[in-house]
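Worksheet: one structure, shown below.
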């Protein structure tokens, strides 16, 4: 009879379940692989360890820690000067041009491996914000080790209009951050700083609300460029700077200082330094701002192609004394969808980094789930066949 093999299957399933344990149907099996650290390699540097080798079982999270020590100065510095070229700041340009040699040598005496770049801004080239020939942002010099290129770039800067009081500082910051790794050329492993020099307040979202909201991309909408969208929100600029791991230093004159102190408070990072009315103290202002910025540590994931880094807690530490260390917890997880072995970096910009080599396990059903399905199927098949046998017996009578 057909029923006997099914009965035997049911008995077999039940015997397996009993040997496995009924609880295995309802709780995870201990037989399943677990995520774990398979090897740790010290670095002897500022970020410890230098490398993790880990195995990730899909669905099983794994926390790892990275300890970063703050040195006197970072190993690498990328310094981008973002210069106000509106009419009110025009008399400062000649002063800045004469300060380039002392500025470059002062910064390189602190961090020898420093790249310099230059950007500029005025305002939207439309009344009442600006005039024809103005612009919201321009990359004048991508980051470079050449002091001659820096001097040449600063020398060719000329003042524009700007028309009204506030300028396009926020939009220029946003564009710098959005173009950080491409057009501007920030290095992944460098401490990234933008020094924005200005004597004016900034325009922000709502100041040009006759146009659509700023969409936060690297395209300056409209013709002329920038006239087809509003100014960005402060939160948009904050998010873009954080995503690019850029620290802003605002070198501003005394009458504009309060605006930028409020902005730094809104950002939650960055610093404000006082700039004299003719920018003659630019070198001292920037070095003071750098000293403050170097006490902050931010850890970010680089080349995380599959999104294995779920979170970094906390994402940053501020005001860390020189020689002190702080510990980050990095939570890793493979979701089992399209996963593959990978290597990613955990970068404390300007300080050091930790490599993570990941081996990903196969995503398979829990043994308990397989057994549950087997038992359910065998019981279901037995029940169906019993009903058919009863129907046949009834038909004969």
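The values are calculated or read from the model by the stated rules, or taken from the named source; none is laboratory data. Nothing here was measured: the structure is a model prediction, and the numbers come from that model. All Cβ positions, glycine included, derive from the backbone under ideal geometry; neighbour counts span all protein chains shown.
Out of 10, 35, 43, report the one residue that is out of contact with any helix residue (DSSP H, G or I) (no Cβ under 7 Å at 6 or more places or on another chain) and modelled with pLDDT under 95.
None of the other options fit; the residue is 43.
Applying the selection to the stretch 325-348, what residues are assigned to a loop (DSSP other than H, G, I, E, B) and in contact with a strand residue (DSSP E or B) (Cβ under 7 Å, 6 or more places away or on another chain)? Before you say what the answer is, go through the steps one by one.
So in the stretch 325-348, the residues assigned to a loop (DSSP other than H, G, I, E, B) come out as 333-341.
Answer for the stretch 325-348, where residues must be assigned to a loop (DSSP other than H, G, I, E, B) and in contact with a strand residue (DSSP E or B) (Cβ under 7 Å, 6 or more places away or on another chain): 333, 334, 339, 340, 341.
Inspect all residues belonging to the stretch 106-118 and state whether any of them is within 27 Å of residue 227 (Cα to Cα), modelled with pLDDT of 95 or more and not in a loop (DSSP other than H, G, I, E, B).
yes
Which of (1) modelled with pLDDT of 95 or more; (2) surrounded by 19 or more Cβ atoms within 10 Å (Cβ to Cβ) does residue 275 not meet, given it meets every other one?
Against the list (1) modelled with pLDDT of 95 or more; (2) surrounded by 19 or more Cβ atoms within 10 Å (Cβ to Cβ), residue 275 comes up short only on (1).
So is residue 250 in contact (Cβ under 8 Å) with a residue 24 or more places away in the chain and surrounded by fewer than 19 Cβ atoms within 10 Å (Cβ to Cβ) or not?
no
Given the criterion surrounded by 23 or more Cβ atoms within 10 Å (Cβ to Cβ) and in a helix (DSSP H, G or I), identify the matching residue among 123, 134, 92, 78. If you could, list the steps in order and put the result at the bottom.
Details: 123 fails: in a helix (DSSP H, G or I); 134 fails: in a helix (DSSP H, G or I); 78 fails: in a helix (DSSP H, G or I).
Just a single option satisfies the conditions, and that option is 92.
When the residues of the stretch 321-343 are filtered to those that are buried (at least 16 other Cβ atoms within 10 Å of the Cβ) and at pLDDT 95 or above, which remaining residue is farthest from residue 33 (Cα to Cα)?
Per the criteria, the residue is 326.
Tell me, please, whether a residue that is more than 24 Å from residue 95 (Cβ to Cβ), out of contact with any strand residue (DSSP E or B) (no Cβ under 7 Å at 6 or more places or on another chain) and not in a loop (DSSP other than H, G, I, E, B) can be found in the stretch 179-200.
Yes, the conditions are met somewhere in the stretch 179-200.
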